[in-house]
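Notes follow the structure.
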């Protein structure tokens with residue numbers, strides 16, 4: 001494969017697929033911000049970025065120092081470019097408008113600045129997830145303008161900060177993987193048109209919550225654990241990193257199913273993960289790679305959000321496995 005940079009790949013998308021040049025420039029800005037976050041993550045204790053701040057975010061979760069640092073990096077990088085009308089973050093209560101002095105663009109950016117931040121202090125892979133939606137024309141956006149179903153996304157991606165820093169991206173024409181060349185500072189295309197195998201023998205779920213799951217999820221996992229002697233007729237392996245970016249990246253690399261289902265401890269909440277910042281962009285990428293994503297009863301990308309920080313049950317990955325779990329929900 002020729003050493004094609006992110007910029008050159010996006011220029012090719014302009015030529016072959018009619019990608020908006022302003023969207024290309026927005027994605028280049030997000031990629032630069034991810035490089036800055038990667039550098040901060042890599043410094044670790046040497047940069048004084050580990051540990052908690054003692055504050056909570058809008059989700060009621062304890063904020064790590066790197067949560068706030070990553071959020072500030074993304075906000076500051078994208079305020080002045082002229083490609084955004086507004087942005088929203090998992091770490092902020094309300095949308096962040098573009099300062100009056102800066103030019104406006106035609107897109108809305110949503111992001112989880114540091115997914116899996118509970119793993120920061122133990123040096124496990126974490127990442128950034130982002131999504132881009134069209135902005136309203138001719139006026140300043142308001143919060144309700146962000147409440148678009150995932151089918152309206154014009155692109156989505158994530159960065160993984162691990163042994164390598166990897167950027168996974170789709171602008172609606174398949175999924176491409178870029179690896180950060182730390183010598184040159186460029187994201188280089190290292191895998192094109194990622195395809196998730198339709199079948200799998202791996203599942204990712206937090207088994208400690210088994211007693212709280214709904215019957216269809218409990219039945220599915222019981223069948224997996226039964227192995228060759230059970231109704232599935234094959235042995236499964238379990239994987240669970242507790243960083244959605246890392247778990248989904250493994251599925252992108254070799255297949256599998258990721259589940260973060262509803263549980264009865266908080267029966268009024270449909271799930272744990274955020275629809276706008278985690279589920280929608282990841283579902284978009286998984287579908288672009290030939291996989292499937294559902295909340296158990298509905299395609300995630302077709303859910304119409306009711307609020308900015310809405311939560312959802314997530315089941316995504318290898319298509320045949322996701323379809324099987326959906327069938328169990330329908331029969332329940």
Q: Tell me which of these residue 186 doesn't satisfy, since it passes every other one: (1) outside the structural domain of residue 38 (by TED's automatic domain parsing); (2) surrounded by fewer than 20 Cβ atoms within 10 Å (Cβ to Cβ); (3) under 23 Å from residue 29 (Cβ atoms).
A: (1)
(Q) Just to verify a result, which residue in region 135-155, among those that are within 21 Å of the chain's Cα centre (by Cα) and within 16 Å of residue 78 (Cβ to Cβ), is surrounded by the fewest Cβ atoms within 10 Å (Cβ to Cβ)? (A) 154
Q: Search region 65-111 for residues being farther than 25 Å from residue 152 by Cα, touching a strand residue (DSSP E or B) at 6+ places or on another chain (Cβ under 7 Å) and surrounded by fewer than 23 Cβ atoms within 10 Å (Cβ to Cβ), and hand back the single one that is modelled with the lowest pLDDT.
A: 65
(Q) If residue 165 satisfies all but one of (1) over 24 Å from residue 243 (Cα atoms); (2) modelled with pLDDT of 95 or more, what's the number of the condition it fails? (A) (1)
**Q.** Candidates 132, 120 - the one that is modelled with pLDDT under 95 and under 19 Å from the mean Cα position of the chain (by Cα)
**A.** 120
Q | Residues located in region 198-207, provided they are in contact with a helix residue (DSSP H, G or I) (Cβ under 8 Å, 6 or more places away or on another chain), surrounded by fewer than 18 Cβ atoms within 10 Å (Cβ to Cβ) and assigned to a loop (DSSP other than H, G, I, E, B) | A | 198, 199
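The values are calculated or read from the model by the stated rules, or taken from the named source; none is laboratory data. For clarity, every value in this text was computed on a predicted model and none was experimentally measured. Neighbour counts run over all protein chains shown; Cβ positions are idealised from the backbone, glycine included.
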